[in-house]
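The numbers here are math on the coordinates, done by the rules we state, and not lab data. These figures come from a predicted structure and were not determined experimentally. Backbone-built Cβ (ideal geometry, glycine too); neighbour counts: all protein chains shown.
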Amino acid sequence: MSRRVYLDHNASTPVHPEVLAEMLPYFGEVYGNPSSIHAFGREAREGMDQARERVASFLNVSSQEIVFTSGGTESDNFALKGLAGARGKGHIITSQVEHHAVLRAARALEAQGFDLTCVGVDEFGIVDPDDVRRAIRPDTVAISIMHANSEVGTLQPIEAIGRIARERGIPFHVDAVQTLGKLPLDVNALGIDVLSFSAHKIYGPKGAAGIFIRKGTKMVAVQHGGEHERRRRAGTENVAGIVGLGKAVELRGREMHAEAPRVAALRDRLWEGVRARVPEVRLSGHPTQRLPGTASLLFRHVESESIVLGLDLKGIGVSAGSACTSGNVEPSHVLVAMGVTLDWAMGAVRCSLGRSTSAEDIDYVVECVEPLVRKLRQAMPVGAA
Ligand SMILES: Cc1ncc(COP(=O)(O)O)c(C=O)c1O
């Protein structure tokens, strides 16, 4: 079989074999509804309880503060709409570089009458905590800032923002979908009240995720129905997925410390290799305050989609940092907020590495990128004067 290299771990990851092994019984012999009080139900409930304990222990919180959801998107929507709904009206602070799950939930609340401030970022994609401080109003009901940016990998100064939120008594939500399981995360030390995370970014299944809600944080339910999840989120739980999430988090607790420097070294090998061979290329995001495995490369005067498709033909999976909306290719909102000009932003390619990435994979990608970009620039120089 021809070579295949997956460098899109920020989009999703393969399920870890140990995670799959723990999930399998919940598709077979353990099929009860976890809300049922008979033995069939209790067995399912035990699997879920263990998963809750595992997540809580990773975050250094109580298991009663963990609510399971269907994805990072639901967790983000729940966080914003739940916090806003508890107050009914007021002002929300977020940043211009959030995932759309936060930004569009915030815009939906704005359409309902909430005021919204989206603070900007510097050239590295970092939010200035003083901008958050200055944006606070007497009626601010929530601050939502992501931990790591999914596109460029920049880490935000969460501890400093958490301190400001705490001083002012404002609930602080953090989208940690790209960091839980990749970096240590102590919500108490960081002053976080609400935290979103998702299994499929950390070798768990898709459609299983969660939200930490600090005891005493006022939040309304967004999904109504039965009495599940201590009445915070109605709906029969995705037991197998939740068991997988718990196992994935537990495994990450053991593996991430050794993996982070290994993956960071491979990311540097990728960047150094590309930089040495390809002219007019930049690494976006912060040089040091960044996720270990994310490299967002900006190729000037090339269309990112063309690079993604060209690499796909070589068996390499990466993602474009631009989005195609109704036929028009638009630059990423993150790069635009960072002040990256169009000639660079249109050629953004995100490579995100993971636990199976090897040095040979990286060398193969570097080998394929150089002739591809050269060919594309010759054929169709995008935005060249
Ligand atoms: C930062 C961030 N937040 C939220 C999400 C949405 O998570 P999910 O795919 O589990 O809905 C993603 C997924 O890419 C993400 O990167």
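What does the charge add up to near residue 337, with Lys and Arg as +1, Asp and Glu as -1, over the other residues with Cβ less than 11 Å from its Cβ?
Once positives and negatives cancel, what remains is -4.
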Which log10 I(q)/I(0) values, to two decimals, does the chain give at q = 0.07 Å⁻¹ under the Debye formula with one point per Cα? -0.33
By per-residue mean of other Cβ atoms within 10 Å, what is the highest-first order of 37-49, 85-97? 85-97, 37-49
Taking the chain as the reference, fit the longest principal axis to its C-alpha atoms, fit the long axis of helix 158-168 to the helix C-alpha atoms, and give the angle between the two in degrees, 0 to 90, nearest 10. 40
Would you please give the residues with an amide H less than 5 Å from that of residue 316, counting only those at least 5 places away or on a separate chain, with H modeled from the backbone geometry? 5
Show me the GluC sites (Glu not before Pro) within segment 126-224 that DSSP assigns to loop and that have at most 10 other Cβ atoms within 10 Å of their Cβ. none
Search the structure for amide H atoms under 5 Å from the amide H of residue 175, placed 1.01 Å from N in the peptide plane, and list their residues when 5 or more places away or on another chain. 145, 146, 147, 196
Given a cut-off of under 8 Å on Cα pairs at least six residues apart, what relative contact order in percent is computed for segment 1-87? 11
Cα axis of helix 304-313 to longest principal axis of the chain: angle in degrees, 0 to 90, nearest 10? 90
The chain: angle of helix 100-111 to the longest principal axis, Cα-based, in degrees nearest 10: 60
Please give me the summed charge of the neighbours of residue 229: other residues whose Cβ is under 13 Å from its Cβ, Lys and Arg +1, Asp and Glu -1. +1
With DSSP loop assignment and no more than 15 other C-beta atoms within 10 Å, the GluC sites (Glu not before Pro) in segment 169-274 are 227
